[in-house]
1. Residues Asp253, Asp226, Asp294, Asp284: which one is touching a helix residue (DSSP H, G or I) at 6+ places or on another chain (Cβ under 6 Å) and either open to solvent by 40 Å² or more (accessible area, probe 1.4 Å) or under 21 Å from Gly49 (Cα atoms) (or both)?
2. For segment 264-271, state whether one or more residues are part of a helix (DSSP H, G or I) and either modelled with pLDDT of 95 or more or in contact with a Ser or Thr (Cβ under 6 Å, 6 or more places away or on another chain) (or both).
3. Hey, can you tell me all the residues within segment 134-156 that are open to solvent by 30 Å² or more (accessible area, probe 1.4 Å) and hydroxyl-bearing (Ser, Thr, Tyr)?
4. Which is open to solvent by 30 Å² or more (accessible area, probe 1.4 Å) and modelled with pLDDT under 95, of Asp126, Asp101, Asp78?
5. Being within 24 Å of Glu79 (Cα to Cα), free of Cβ contacts under 8 Å to residues at least 40 places away in the same chain and not hydroxyl-bearing (Ser, Thr, Tyr) is the requirement here; does Gly208 meet it?
6. Among all residue pairs at least 6 apart or on different chains, which show Cβ distances below 7 Å where the first residue, located in segment 26-47, is under 15 Å from Phe161 (Cβ atoms) and free of Cβ contacts under 8 Å to residues at least 60 places away in the same chain and the second is in a helix (DSSP H, G or I) and more than 16 Å from the ligand (Cβ to nearest atom)?
7. Of all residues being at negative phi, open to solvent by less than 30 Å² (accessible area, probe 1.4 Å) and small (Gly, Ala, Ser) in segment 34-53, which is farthest from the ligand (Cβ to nearest atom)? Just the residue, please.
Amino acid sequence: MESVPLSQWEISEVRTVGDLRGLRACVRAWKREGHRVGFVPTMGNLHAGHFSLVELARRHAGRVVASVFVNPTQFGPDEDYLRYPRTLAEDSVGLVEHNCDLLFAPSIDVMYPFGPDHALRIHVPDVGDTLEGAHRPGHFDGVATVVAKLFTMVEPDLAVFGQKDWQQLLVVRRLVRELDMPLEILAGPIVREPDGLAMSSRNRYLNGRQRARATELHATLQWMHDSFVEGHVLAAIEGAAMRRLQRAGFEPDYAVVRRAEDLGMPAEGERTGLMALGAARLGDTRLIDNLAFD
Ligand code: PAF
C-alpha cells in the first residue's frame with residue numbers, strides 16, 4: 001500500500017466552540033496546566049494581517065484562542081453589517097495553519113442574550129469620540145462593549161490587536177486600564193500588500209479600478225510624513241492631503257496628523273510621537289490607514 005504523508009492525516013480545521021461553557025472548560029484547563037493564554041479577537045474573513053496577530057500571540061503565550069464574531073453593535077445603520085464577508089470554514093483552516101489552538105465562534109444569542117438592540121453599552125470618552133468616533137457614531141461603544149464581553153468570556157492573559165485600527169487599540173487600552181482588567185494588550189504591526197495598501201477584510205469589496213487607486217491612501221499618508229519632515233505647516237499638509245485624496249477619486253472623511261498616544265492635536269513645535277491617520281471612501285468601501293512618524 002502506498003504510504004500516505006502524515007500531513008494528510010493532520011487536522012485541517014481548528015477546534016471550534018460556540019458556547020461559553022465549552023470555551024471556559026478549555027481555557028481553564030490550559031491555565032491549570034500552567035499555560036498563558038493569548039487571544040486574538042476578529043470579525044473573520046481572515047487574511048495575513050490577522051494571521052500575523054495569531055503568530056504574535058503565539059510568541060507570548062502557550063495557547064492561543066481566536067474569535068470570529070461579526071459584531072452588529074459596532075456597525076451604523078447604513079454600514080456593511082449584512083454584506084460583511086463571512087468565511088468561517090476558510091478562517092478555520094487558516095487558523096490551524098497558523099497554530100491557533102481554539103476558535104471561539106459564538107452566535108448572536110451567546111454574545112447578546114438580551115438582543116443587540118438592548119445590550120449594555122460601554123462608552124470610552126475622549127479617545128473614542130474623535131476621528132472614527134465622530135464619523136461613525138456609536139462604533140466604539142459597540143467595539144468596547146464586545147471586546148469587554150469577549151475578555152470576560154475568554155479570560156485571556158494577553159490579547160493582540162492590529163495597529164491598522166490604531167484608534168481601536170487606544171480605545172481598548174483605555175477600557176482595560178479603566179476597568180482594571182487583568183490582561184496585557186499587545187499591538188501587531190500593519191501588514192501591507194506589496195503596493196502599500198493595508199490589508200483589510202473590506203479590500204475585497206473593491207473592484208479592479210478601485211483596487212488600483214486604493215494604494216493612494218497609504219501614499220498620501222507617506223506624503224504627509226515627508227511634508228512634515230520638510231517643515232510644512234500641519235494645517236496646510238492636512239488640507240493638501242484631503243485634496244490629493246479627492247483627486248485620486250476618494251471621498252475622504254479625514255487626513256490628519258495627531259499625537260499617537262491619545263490622538264490629541266499636536267502643540268505648536270511638537271515634532272515627536274506623531275502619526276498621520278486617514279479615512280476615505282472609494283465608492284461604497286470605506287478604508288482607513290495610519291502611519292507613525294517616528
Ligand atoms: O477589529 C476588529 O475586527 C473588531 O473591531 C473587533 C476587535 C474584533 C471587535 O469586534
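1. Asp253
2. no
3. Correct list: Thr152 only.
4. Going through Asp126, Asp101, Asp78 in turn, the sole match is Asp78.
5. Yes; evaluated as a whole, the condition is true for this residue.
6. So the pair list comes out empty.
7. Gly38
Yes or no, residue by residue, for (1) at pLDDT 95 or above; (2) in contact with a His (Cβ under 7 Å, 6 or more places away or on another chain); (3) away from the ligand (no atom under 15 Å from the Cβ); (4) open to solvent by less than 20 Å² (accessible area, probe 1.4 Å):
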position	(1), (2), (3), (4)
Asp91	yes, no, no, yes
Val96	yes, no, yes, no
Val110	yes, no, no, no
Glu184	yes, no, yes, no
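The values are calculated or read from the model by the stated rules, or taken from the named source; none is laboratory data. Keep in mind that this is a model prediction, so the values were computed, not measured. All Cβ positions, even for glycine, are placed from backbone atoms using ideal geometry, and neighbour counts span all protein chains on display. With ligands, DNA and RNA removed, areas are computed over all heavy atoms of the protein, side chains included. Shrake-Rupley method; radii C 1.70, N 1.55, O 1.52, S 1.80 Å.
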